[in-house]
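Notes follow the structure.
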Amino acid sequence: MPRNLALIGCGAVARKFYLPALAKRRAEFGRLWLVDPSDHALSIAASIVPGRQARQLVEVDDEIHLVIVATPNHLHFHLAHEALSRGADVLVEKPFVIWPEEGRRLVDAAAAKSRVIAINQTRRFFPLSLALRRRIREGEFGSLKSIVHQEGTKLIWPFESGAAFARGAQRTGVIMDFGVHVIDFYHYLLQPRWTLLSAIHDGFYGPEGLAEIELQANDALVSIRLSRYHPQGNVARLVFERAELSFNVYDAETYSIRSNSGKVTTLGTARAGTEYCSLGEGLLLNFLAASEKRESAVCDAASSLPVIEILDEIYRRARHYPEKVGSV
């Protein structure tokens, strides 16, 4: 019997990522509910994939089997918890929570009800991620020595609610935007024990736009620079015992291997032309399969919790940048 699905939050990420995937896979589920307090957002969402409409989840007087939470970050925990209490399997946009204690409560609640709580950590679905994870785990490159990751571009995301920039908004800047993707990517590849060495950012009076973070992944130094102001190098370099890997952080498929002898090999994965929005269908299909116990969620809440914990430590221990860093 087809299962009913509710999409909570019909703003920018829903339009770019979830709604096209839902429209393409409409036959995979039963009744579809679109939930958002904005009539404008609901109207646009319904033009992409028609569905029943509600302003809040509590107004959905129907049995809901599947829930996607694509709201501003500070609403994720309460909506995911409410969905779990109604017996639904849940897919939450990243970061799935802001505070580690909320994450632990969701993991426990999902386990108590034998429900799936999956997270949209998109980079786990990159073909490059799958290829590198396998080769690293097989020990092909030897032990990891260091990582340097620079990522940034001028922020142009078409926010619907503006909640990330509201007065009093917490943990909505570049660290929770790009940083959660970056650290989760390396957590997926390496499964390390994380240790924070240092962090500085410019967001003590609002959402941060520039951050520099140094971590240890087991014994390897990981240096991360993130910016919402101007393009950065946008290249990652991973130095291993027997080779150096490098790739453009916005290329989901291609990477280069430089051996200790100096030979450089550039490789592409089996899937060509991968775009961000196209990953939504794979994410949705994995969520549906996990909810039916046919496969595991590529990113479940438990596997994402260590990332939330190290992000929490970064925010708590970070120092302030010197003044006037907006042009950096």
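Observations, loosely collected:
- Under the condition of being of a type in the set (A, V, I, L, M) and either assigned by TED's automatic domain parsing to the domain that holds Ala169 or surrounded by fewer than 24 Cβ atoms within 10 Å (Cβ to Cβ) (or both), the residues counted in segment 72-104 number 4.
- Boolean, Val67 is among the hydrophobic types (A, V, I, L, M, F, W, C) and either more than 17 Å from Val180 (Cα to Cα) or at pLDDT below 95 (or both): yes
- Residues of segment 116-131 satisfying the condition of being modelled with pLDDT of 95 or more and either under 12 Å from Phe240 (Cα atoms) or in contact with a strand residue (DSSP E or B) (Cβ under 9 Å, 6 or more places away or on another chain) (or both): Val116, Ile117, Ala118, Ile119, Asn120
- Filter result for Leu226 (assigned to a strand (DSSP E or B), modelled with pLDDT of 95 or more and over 20 Å from the mean Cα position of the chain (by Cα)): no
- Looking across segment 300-327 at every residue that is hydrophobic (A, V, I, L, M, F, W, C) and in contact with a strand residue (DSSP E or B) (Cβ under 6 Å, 6 or more places away or on another chain), the one that is modelled with the lowest pLDDT is identified as Val325.
- Segment 96-139: number of residues that are without any contact (Cβ under 8 Å) to a residue 24 or more places away in the chain and over 22 Å from His65 (Cβ atoms): 6
- In this structure, Ala217 does not qualify as under 23 Å from the mean Cα position of the chain (by Cα), at pLDDT 95 or above and not assigned by TED's automatic domain parsing to the domain that holds Ser143.
- Verdict on Thr254 being at pLDDT 90 or above and under 20 Å from Arg123 (Cα atoms): yes
- Selected residue [of a type in the set (A, V, I, L, M, F, W, C), in a loop (DSSP other than H, G, I, E, B) and at pLDDT 95 or above] from Ala297, Ala270: Ala297
- Any hit, segment 54-63, residues being part of a helix (DSSP H, G or I), closer than 27 Å to Gly103 by Cα and over 25 Å from the mean Cα position of the chain (by Cα): yes
- Qualifying positions in segment 148-169 - at pLDDT 70 or above and either exposed (fewer than 11 other Cβ atoms within 10 Å of the Cβ) or within 23 Å of Phe185 (Cα to Cα) (or both): Val148, His149, Gln150, Glu151, Gly152, Thr153, Lys154, Leu155, Ile156
The values are calculated or read from the model by the stated rules, or taken from the named source; none is laboratory data. The shown structure was predicted, so the numbers you read here are calculated from the model rather than taken from an experiment. In this analysis, Cβ positions are derived from the backbone assuming ideal geometry, glycine residues included, and neighbour counts consider all displayed protein chains.
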